[in-house]
């Protein structure tokens, strides 16, 4: 039995009943269907993916901070710094960003004035890492150090001529070009992407609302794509269910992937792209931008893009509304669901493919 076939069978089992997915507490394929040591392990230790993209979930990875019944509303993004610490943004206080170690322990929190950050990216400048964030609740973009020290803020892009009042502007994501130019996507507002230079001076706007190539129906996520001969902007056109490439001058290049399940954000590892899809799964694209594997595919469509799924109804290893996603340096994945109680998941890349056969 190959790894790909075994995982396909696993998802078929999930679709029938989550009480009988394949147990994975074994040393080799001969024990594939053997009974697990306890009932809980049936629904906590799961493999997902196919081919060379096999992952295993880490049950209960994210520890709840002391004094809370749950993590708190998650409607943001995930980034991983060079040291391997995981940062994710919160939609409820007291702090806007929580920082966890790879083993799921809370290390610190900060950004109390920036609760409601939506999308984030990390950028290394002269050896120092900086967080760039689209602060949705504040209708602004912000650059800060890893300790939360604010470097600058950019508010309403009045120079663009696209807005008459502040409440028309709702930035959802941000990216930084090789020359320091900043790109801010107004995904919940007027669907323009605004470019600023390295001195925070307005340069141009591009996109706008529509269904034709080069237009957007919720330009939800934006990222710098360096996989090709020249860097491009990859933009999650969520409600058109596609990904689009633009050059760094804002010119439309191509629609690269279609028929996704409401793509929200992306992360890169080599030539691979992980896509958080709001409708209950994470897709992994290959160098040709084709879906080659999926993780956490939820068979219950009532839970897709459902903010109010309570923890008692979560299934380990199965997503409800993936919103933020990030690879670490080992190709492990961290996924933030859009959820009222707050949900962060870790999937570990299986390096020994024989264990997934």
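The values are calculated or read from the model by the stated rules, or taken from the named source; none is laboratory data. These numbers come from a predicted model, not from an experiment. When we count neighbours, we look across all protein chains shown, and the Cβ atoms used for this are built from the backbone with ideal geometry, even at glycine.
Which one of these is surrounded by 14 or more Cβ atoms within 10 Å (Cβ to Cβ), under 18 Å from the mean Cα position of the chain (by Cα) and part of a loop (DSSP other than H, G, I, E, B): 84, 76?
One residue alone meets the criteria, 76.
Tell me, which residue of the range 184-206 that is outside any loop (DSSP other than H, G, I, E, B) and without any contact (Cβ under 8 Å) to a residue 40 or more places away in the chain is farthest from the chain's Cα centre (by Cα)?
203
Among the candidates 65, 94, which residue alone is part of a loop (DSSP other than H, G, I, E, B) and touching a helix residue (DSSP H, G or I) at 6+ places or on another chain (Cβ under 9 Å)?
Only one candidate passes the filter, namely 94.
Going by the structure shown, is residue 154 touching a strand residue (DSSP E or B) at 6+ places or on another chain (Cβ under 6 Å) and more than 18 Å from residue 336 (Cα to Cα)?
Against the criterion (touching a strand residue (DSSP E or B) at 6+ places or on another chain (Cβ under 6 Å) and more than 18 Å from residue 336 (Cα to Cα)), residue 154 qualifies.
Looking only at the range 273-291, count every residue that is touching a residue at least 24 places away in the same chain (Cβ under 8 Å) and touching a strand residue (DSSP E or B) at 6+ places or on another chain (Cβ under 6 Å) and tell me the total.
Matching residues across the range 273-291 total 12.
Could you list, in sequence order, all residues of the range 317-347 that are more than 18 Å from residue 283 (Cβ to Cβ) and not in a loop (DSSP other than H, G, I, E, B)?
339, 343, 344
Are there any pairs, at least 6 apart or on different chains, whose C-beta atoms fall under 9 Å, with the first in the range 157-183 and part of a strand (DSSP E or B) and the second surrounded by fewer than 13 Cβ atoms within 10 Å (Cβ to Cβ), and if so, which?
Note: pairs meeting the criteria are 176/125; 182/198.
Does residue 241 qualify as being in contact with a strand residue (DSSP E or B) (Cβ under 8 Å, 6 or more places away or on another chain), at pLDDT 95 or above and under 22 Å from residue 348 (Cα atoms)?
The answer is no for residue 241.
Can you work out which of the residues in the range 207-224 that are assigned to a strand (DSSP E or B) and surrounded by fewer than 21 Cβ atoms within 10 Å (Cβ to Cβ) is nearest to the chain's Cα centre (by Cα)?
224
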